[in-house]
Amino acid sequence: MLEVLDSLNAMDKVIGVDSWSIDSGEPLAQGFEAYGDFNGPNIEKIAEADPDLVIRLSGSSEEDYDKLRALGITVYTFEAQSLDWAYQEILNLGLMLNIEEAQQLKDEFEREVNEIYAQVKDLKQEHKPTVFYEIYDDPLWSAGLNTYINELIEKAG
């Protein structure tokens, strides 16, 4: 998520990030305060900050974010289960954050993926490496079928 915001040159609009990004040393999270994690937002801290928008990843507790909505805070769920969905989310963020360059970023990302795919699409299966993509280590999570990460790996050969 932070990578998309950074690519949109929107980091100046960010007031806080998730705890995991800070704890894991994510370079884009440096200098920001933590406002919760995938297990739940720090509702009191977010309410005190009074943001215009909270962006969350799909899969976290809807109940916690309903509490933020009840406080009048706009919550957007970023959900990218496929590359097409990821492309659309770039456009959605651009629209919400009033960033006209979002279309250019989406088009560039899509073009780069297609260029790579064109170079490797005819590779025979025995020449393709096997990949394990670790998302988190405790508990162990990996990108599986029906994820944009898996789709990217497949398009990369």
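Along the Cα-to-C-beta direction of Glu100, a point sits 7 Å from the Cα; which residues of the stretch 6-30 have their amide N less than 20 Å from that point?
The answer is 6-13.
Given Cα pairs under 8 Å that are at least 6 residues apart, what percent is the relative contact order of the chain?
16
Starting from the 7 Å offset along Cα-to-Cβ, what nm value, one decimal, do you get for the label separation of Ala156 and Ile15?
Label-label distance for Ala156 and Ile15, simple model: 3.6 nm.
Relative to the longest principal Cα axis of the chain, at what angle does helix 83-96 sit, 0 to 90 degrees, rounded to 10?
30
Of the accessible area of the stretch 1-140, with the probe set at 1.4 angstrom, what percent is carbon plus sulfur?
46
Extending each Cα 7 Å along its Cβ direction at Trp85 and Lys124, get the distance between those two points in nm, one decimal.
Placing both labels 7 Å along Cα→Cβ, they lie 3.5 nm apart.
Check Gly36: other-chain or 5+ apart residues with amide H under 5 Å from its amide H, H built from backbone geometry?
Ser19, Asn42
Residues with beta-carbon under 12 Å from that of Leu145, excluding Leu145: net charge, scoring Lys, Arg +1 and Asp, Glu -1?
Net local charge, Leu145 excluded: -2.
Could you work out the per residue convex hull volume over the alpha carbons of the chain, in cubic angstrom?
Dividing the Cα hull volume of the chain by its residues yields 125 Å³.
To the nearest 500 deg cm²/dmol, what mean residue ellipticity at 222 nm is calculated for the chain from DSSP H runs of n ≥ 4 alone, each contributing -39,500 (n - 2.57), summed and divided by the residues?
Helix contribution divided over all residues of the chain: -12500 deg cm²/dmol.
Once you have the Cα-Cα distance between Lys67 and Tyr117, take 0.36 nm times their residue separation minus that, and quote the gain in nm to one decimal.
Additional length available on full extension: 13.7 nm.
Determine the per residue accessible area of the chain with all protein chains present and a 1.4 angstrom probe, expressed in square angstrom.
66
Would you tally the net charge around Met96, using a Cβ to Cβ cut-off of less than 11 Å, leaving Met96 out, and scoring K and R as +1, D and E as -1?
That sum, taken over residues with Cβ under 11 Å, equals -1.
The values are calculated or read from the model by the stated rules, or taken from the named source; none is laboratory data. The structure displayed is predicted, hence computed values, not measured ones. Neighbour counts run over all protein chains shown; Cβ positions are idealised from the backbone, glycine included. With ligands, DNA and RNA removed, areas are computed over all heavy atoms of the protein, side chains included. Shrake-Rupley method; radii C 1.70, N 1.55, O 1.52, S 1.80 Å.
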